[in-house]
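The values are calculated or read from the model by the stated rules, or taken from the named source; none is laboratory data. All figures in this text were calculated on a predicted structure; none of them were measured in a lab. Note: ideal-geometry Cβ built from the backbone for every residue, glycine included; neighbour counts use all protein chains shown. Heavy atoms of the whole protein, side chains included, go into the accessibility calculation; ligands, DNA and RNA do not. Shrake-Rupley method; radii C 1.70, N 1.55, O 1.52, S 1.80 Å.
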Amino acid sequence: MRQSSPGVAKEGLPYIGLGAFVTLILAVLGWGGVAVIALVLTILTLNFFRDPERVTPQEPGLAVAPADGKIVFIGPAVDPATGQVRTKVSIFMNVFNVHVNRTPVTGRVGGITYFPGKFLNAALDKASEDNERNQFRIVDEHGHGWTVVQIAGLVARRIVCWAEEGDEVARGQRIGLIKFGSRVDLYLPDAYEVRVTKGQHTCAGLTVMAALKDQHS
């Protein structure tokens, strides 16, 4: 399982290094205008792959956001892992958001399944079924099952999952990354109620997404 980060996801280092190298070469050749453009692109790439530390709420019975971004859907949907209708919350990440994903709850990672697919706009509802995605189950400390789905988007072309089947994870722990614009779907167990609204912006590992009904009624 992925451990703590120094501030930048290691998957981004080749892109950042290449951008810095190209910028330097262009500057040495005296191509100032192009060098500036390359520098801006390098800075944007560095911004995309940033991986800040987060202080996750520790109150019992809470679930936190698995991704930074904007909530574009809240409602009933068929959980692709169980076939049951559950509440789904979808978070869309644009290219300016942090793209490191985190586990919503403390628990154990169950099955992980990768699905090849299309690269439609991740803000669209049909992206949940048609796009390339990585799906995994987490059974939390109360015995409730969660489904987290990483979904590639219009620009995103690679999903990175650091979790492995059988891993014990803590709430807010890093579990993956989606490169360059994407979406994460979270399917809640029936024992939890949603604590966010459509259009709300979330911070992975910080924003409280849901709470146990019997503890937070």
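Residues that are modelled with pLDDT of 85 or more and open to solvent by less than 50 Å² (accessible area, probe 1.4 Å) within segment 33-53 comprise A35, A38, T42, D51, P52, listed in sequence order. Applying the criterion of being of a type in the set (V, I, T) and surrounded by 13 or more Cβ atoms within 10 Å (Cβ to Cβ) to the residues of segment 54-65, the residue that is nearest to L212 (Cα to Cα) is V64. Find all pairs meeting these conditions: Cβ atoms under 9 angstrom apart; at least six residues apart or on different chains; first residue within segment 57-77 and within 13 Å of I91 (Cα to Cα); second residue of a type in the set (F, W, Y) and not in a loop (DSSP other than H, G, I, E, B). From segment 57-77, the pairs are A67/F92; G69/F92; K70/F92; I71/F92; V72/F92; F73/F92.
Among the residues of segment 75-101, those identified as surrounded by 18 or more Cβ atoms within 10 Å (Cβ to Cβ) and assigned to a strand (DSSP E or B) are A77, R86, T87, K88, V89, S90, I91, F92, M93, V100, N101. Against the test of being at pLDDT 90 or above, open to solvent by 50 Å² or more (accessible area, probe 1.4 Å), among the β-branched types (V, I, T) and assigned to a strand (DSSP E or B), the options V148, V139, V184 yield a single qualifying residue, V139. The set of residues in segment 65-88 being out of contact with any Ser or Thr (no Cβ under 6 Å at 6 or more places or on another chain) and aliphatic (A, V, I, L, M) consists of A67, I71, I74, A77, V78, V85. Can you find a residue that is within 17 Å of the chain's Cα centre (by Cα) and assigned to a helix (DSSP H, G or I) anywhere in segment 28-36? No, segment 28-36 contains no residue that is within 17 Å of the chain's Cα centre (by Cα) and assigned to a helix (DSSP H, G or I).
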